[in-house]
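The values are calculated or read from the model by the stated rules, or taken from the named source; none is laboratory data. Treat the numbers as computed from the prediction; the structure is a model and nothing was measured. Here the Cβ is made from the backbone with ideal geometry for all residues, glycine too, and neighbour counts use every protein chain on show. Surface accessibility is based on the protein's heavy atoms, side chains included, excluding ligands, DNA and RNA. Shrake-Rupley method; radii C 1.70, N 1.55, O 1.52, S 1.80 Å.
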Amino acid sequence: MEAAILNFFQWFWNLFGLWDAIWSWFQPLWPLVWALLRIVAILVPLILGIAWLPYFERKVIAYMHVRIGPNRVGPAGFLQPIADGLKLLFKEIIVPAKANKRLYLLGPILAIAPALVAWAVVPFAEGFVLADIDAGMLFILATTSIGIYGIIVSGWASNSKYPFLGAMRASAQMISYEIAMGMALITVLMVSNSLNLSDIVRAQEEGRFARMGLDFLSWNFLPLLPMFLVYFISGVAETNRAPFDVVEGESEIVAGHMIEYSGMAFALFFLAEYGNMILVSFLASIFFLGGWLSPVGFLPDGHLWLAAKVSFLLFCFLWFRATFPRYRYDQIMRLGWKVFVPLAFVWILVVGLWMMSPFNIWQ
Amino acid sequence: MEFTTFVFYVLGAILLFAALATITARNPVHAALFLVLAFFSAAGLWLLLQAEFLAIVLIMVYVGAVMVLFLFVVMMLDIDIARLRHRFWSYLPLGGMIGLLMVAEMALVLSGKYFSAEALPGQAMPEGYSNTKELGRLLFTEYVYPFELASVILLVGIIAAIMLTLRSRKDTKYPRVSEQLAVRRDERVRLVKMAAEKEAPAEESQPGGQ
């Protein structure tokens, strides 16, 4: 890939006979440029995905409600995100008089930055990853745990009641579910014997069922089924999506931490939320659904499989929102601390004993 | 100057600035956020030392959990800055002495033979060396007893913290979740059969009256 792009540049500049002159001063900069190119190649599709996910959300929920949904801008309303984006761009960003101005403007940035940073270690196909680091899973846990600062800082800096209540709810909820999430991932780490996300996918390629050609039965979701559910439900809670959206519960605290924000500052929270949804879907696919692996032996692996799994999980996010009523706050806390955390502890023990027993299926 | 040296100085400068700002910031929330910045820079320095596990865990534990709770508490407090500054000068000599003592202790430790640059292992690590794996192996083989002891102490700490803050009042109402889950429709809903329309009371209306 890298060589092909370099060859293209060489061919292009050789048309003018300038390649040697350019390369002599450009060579030390090339690693930087190459890294930037790869970052852009990840972020541009991601931002487009974030822009159109709300459109699909509105469409999916509309059809579940037997409505039509957005249908004015473009064919079947397909250009709605562009109209929404333009509208938000042209709106004024209002800073409340009593707000702490610097932190108020820092809040949305703190929300979106971790949501984008985590993509550095996400593998899209064999070898297609920005940073193939050994501590990838730790990196993911660390970056997703700082996303909460955006909510807390913006909630506090707004200097108003509802945002502050939203920030309080957010800090309690997200910390609780982070624990369950981390515990669920410990079982994945145990069975795949690695923290590297690519290695975790490769570990799901092997097993008794994979040798029979039924690869999808040897993915992590089957032996770790409770942990898959814990991870995905915690992911829904971690992204503050319905039915766990008490952080911004429109009917109680009228959008919580983002109530004072307008224009692009508000849009950044929106982008962060949808970016986190896509991230959680990617991670659940990589950790439990075999990443880019094909479900059956006779079909080739590839990034399209990952896209299909991610699309299904994203659809689940929208489905939950259309189906479930919002949890009460004490029920959310109970689910996190009294159900998921003990369940994860027990399952770590079970997996440990399983791996030591003669029935170990991961060797 | 090598590039890593440059990065070291940049991170070091940010770290020192953030640490200073933590103790000089007037607003406690700002101070806590500067402490977060200090943790980030420290994690960057550890990454330069190729201690990626420690660096990421520093961010995960301190930035992701401890400081969030810290902020949570600081934001809820109504801190009166004038009262905090009260008798600042009378406390300064004591505080300064403790600070000097800490500097002296750290100087003693850092100038000792175990922490000098020569005592550190060479930077060259074999191919495929995983910091995380090595740390785990050491913790669960050579240092397994201290490790288990530390975890037991932590567990005691958790239980003690809960016991200290647990105040049960007699008039507190708790939902009984098992009862709530076991509830049947008949206990909550009563279906009443009634006619869709009420029959209008018979009036003695006289056609064409008025």
Flag for A:Met181 being within 18 Å of the chain's Cα centre (by Cα), part of a helix (DSSP H, G or I), under 24 Å from A:Gln204 (Cα atoms) and of a type in the set (A, V, I, L, M, F, W, C)
yes
The residue from A:Ser194, A:Ser171 that alone is within 14 Å of chain B (Cβ to nearest Cβ), of a type outside the set (A, V, I, L, M) and under 25 Å from A:Gly256 (Cβ atoms) is A:Ser171
Answer yes or no as to whether B:Val74 is open to solvent by less than 40 Å² (accessible area, probe 1.4 Å), touching a Phe, Trp or Tyr at 6+ places or on another chain (Cβ under 7 Å), touching a residue at least 40 places away in the same chain (Cβ under 8 Å) and facing another protein chain (nearest Cβ under 10 Å).
no
A:Phe164 vs. criteria without any contact (Cβ under 8 Å) to a residue 12 or more places away in the chain and within 14 Å of another protein chain (Cβ to nearest Cβ): yes
Checking A:Tyr274, A:Tyr261 in turn, the sole residue that is modelled with pLDDT of 85 or more and outside any helix (DSSP H, G or I) turns out to be A:Tyr261
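Can you pull out every residue in segment A:298-310 that is part of a helix (DSSP H, G or I) and either open to solvent by less than 70 Å² (accessible area, probe 1.4 Å) or in contact (Cβ under 8 Å) with a residue 12 or more places away in the chain (or both)?
Listed by number, the residues that qualify are A:His303, A:Trp305, A:Leu306, A:Ala307, A:Ala308, A:Lys309, A:Val310.
Looking at A:Leu189, is it within 14 Å of chain B (Cβ to nearest Cβ) and not in a helix (DSSP H, G or I)?
For A:Leu189, the condition - within 14 Å of chain B (Cβ to nearest Cβ) and not in a helix (DSSP H, G or I) - is not met.
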Among B:Ala18, B:Ala42, the single one that is within 14 Å of chain A (Cβ to nearest Cβ) and open to solvent by less than 50 Å² (accessible area, probe 1.4 Å) is B:Ala42
Within segment A:83-111, of all residues that are touching a Gly at 6+ places or on another chain (Cβ under 9 Å) and within 16 Å of A:Tyr149 (Cα to Cα), the one most open to solvent (accessible area, probe 1.4 Å) is A:Ile109
Within segment A:311-326, residues being without any contact (Cβ under 8 Å) to a residue 40 or more places away in the chain and open to solvent by 80 Å² or more (accessible area, probe 1.4 Å) number 1
Residue set B:Val63, B:Val36; condition open to solvent by less than 30 Å² (accessible area, probe 1.4 Å), within 16 Å of B:Gly12 (Cα to Cα) and within 9 Å of chain A (Cβ to nearest Cβ); output residue B:Val36
Residue count, segment A:93-137, condition part of a loop (DSSP other than H, G, I, E, B), under 24 Å from B:Thr132 (Cβ atoms) and more than 14 Å from every other protein chain (Cβ to nearest Cβ), comes to 7
Residues in segment A:146-161 that are at pLDDT below 85 and assigned to a helix (DSSP H, G or I) total 1
In segment A:327-350, anything among the hydrophobic types (A, V, I, L, M, F, W, C) and open to solvent by 50 Å² or more (accessible area, probe 1.4 Å) is listed as A:Trp337, A:Val339, A:Leu343, A:Phe345, A:Val346, A:Trp347, A:Leu349, A:Val350
Scanning segment A:172-231 residue by residue, the ones that are polar (S, T, N, Q) and farther than 14 Å from A:Ile361 by Cβ total 5
Condition set within 9 Å of another protein chain (Cβ to nearest Cβ) and hydrophobic (A, V, I, L, M, F, W, C), scope segment B:24-33, selection surrounded by the fewest Cβ atoms within 10 Å (Cβ to Cβ): answer is B:Val29
Residues of segment A:138-161 being among the aliphatic types (A, V, I, L, M) and either more than 17 Å from A:Gly249 (Cα to Cα) or facing another protein chain (nearest Cβ under 8 Å) (or both), in sequence order, are A:Leu138, A:Ile140, A:Leu141, A:Ala142, A:Ile146, A:Ile148, A:Ile152, A:Val153, A:Ala157
Restricting segment A:243-257 to residues that are of a type outside the set (A, V, I, L, M) and not in a helix (DSSP H, G or I), the one most open to solvent (accessible area, probe 1.4 Å) turns out to be A:Glu248
